[in-house]
Amino acid sequence: MQATNKYQKRWHIISVPAVVANSITHIEFKTPPEFLFVEKVAFSASKTGIALHAYILGFISLKTNTERSNPIQRFPVTGIPYSLDEAAFNPQKLNEPLLGNTLITADYQEVAGPDKAPYDIKIYLYGTHKNKLN
Amino acid sequence: MPTIDRKKKIQVIPIVIPAIGNEVEINASVDKQFNKVTGIACSALGAAAGADEAVLQNSVFNRFEIDSDEVFPPGYEAKFIGVHRLKGVPPDEAFYSNKDKVGQIIPFNGNNSTVTIKYKDGGFVAAGAPNYPYTVNVYLRLEQVSDEKENPLEKFKHFLAQSFEKWSKENASNK
């Protein structure tokens, strides 16, 4: 009898359009309820018609809504990651797992200024889905 | 006599982008001789000199499915699986794949599965040079994976997973 110990993996994207130059943007979102837990978080910036490349545009800090939690850390946001794994932060290294249906608050500090802003940023969540593979 | 591994193959799915901002949908069938898709990558070619990497910058996949199984959600930026991001890395390591906790690849179905891709151009224009039309090549790494039931190690892993699952349920109900 073949056991299915593997679950589907899924991506989820949170878009933050038109970040204003030299500002702090406050973002609140919930990790998808269909996720058992979040394994990776990645960030990206883009602007129509312009290649932003590896220029550091700002920093994002994440915080879960629990009594014991502190801000997860500050991460640079650029126009292109070095690689998916290198750009991603692994929530499994936290003391507590980042579960599905969990409220996350994030603050994005824009530092590139009016030369680059406004631009869009995306927060990518990669997690284990509740559905098992066949 | 040298041996040749015929159990792996790279399948290329070309998507031609005719003009700025275009969204193109394409369907392709995975080579039926290979039962698993273990990696995905993409690159752009044919744009102005030096712009092949840049045209992927703001472009997204609005649909990427294998047999209706979602690979990437709408809005997933093509640059995340672009091969240009891994300069100097051997080609076989430049592919994106889903992995489980121990780093083992979780493949998608191969074997004549239908790949549906909807690509939207991000509108990058290099100064003084035309970028359009250009072609996005989506690369699928295909493998013919033997039946796990025949592999003693895989059989043992499944036995352990099954036993742990059973023990977890019994302990959960005893609390």
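We did not get these values from a lab; they are worked out from the coordinates using the rules stated. Small disclaimer: the values here were computed from a predicted structure and weren't measured. Cβ coordinates were reconstructed from backbone atoms using ideal geometry, including for glycine residues, and neighbour counts include every protein chain displayed.
For a quick check: sort B:Lys169, A:Lys47 by the number of other beta carbons within 10 angstrom, fewest at the front.
Ascending Cβ contact count within 10 Å gives the list B:Lys169, A:Lys47.
Please compute the average number of Cβ atoms from other chains found within 10 Å of each residue's Cβ in peptide B:93-99.
Average per residue, whole number: 2.
Within a Cβ distance under 9 Å of A:Gly100, other residues only, what is the Lys/Arg minus Asp/Glu net charge?
Residues close to A:Gly100 contribute a combined charge of +1.
Excluding B:Val16 itself, what net charge comes from residues whose Cβ is under 13 Å from its Cβ, given Lys and Arg +1 and Asp and Glu -1?
-3
Counting other beta carbons within 10 Å of each Cβ, put B:Trp167, A:Trp11 in order, fewest first.
B:Trp167, A:Trp11
Rounded to the nearest 0.05, what FRET efficiency do B:Glu70 and B:Trp167 have when you use their Cβ-Cβ distance and R0 = 41 Å?
E(calc), rounded to 0.05, equals 0.80.
In which sequence would B:Asp121, A:Asp120 go, from the one with the fewest C-beta neighbours within 10 Å to the one with the most?
Ordered by Cβ neighbours within 10 Å, fewest first: A:Asp120, B:Asp121.
Considering the zone a paramagnetic label at B:Lys8 would reach in this model (a point 7 Å from Cα along the Cα-to-Cβ line), which residues of segment B:131-146 have amide N under 20 Å from it?
In segment B:131-146, the label zone of B:Lys8 (backbone N under 20 Å from the point 7 Å along Cα→Cβ) covers B:138-146.
Measuring from label point to label point, each 7 Å out along Cα→Cβ, what is the A:His53 to B:Leu45 span in nm?
2.4
Give the calculated FRET efficiency between B:Ala19 and A:Arg74 to the nearest 0.05, with a Förster radius of 30 Å applied to their Cβ-Cβ distance.
Calculated value: 0.15.
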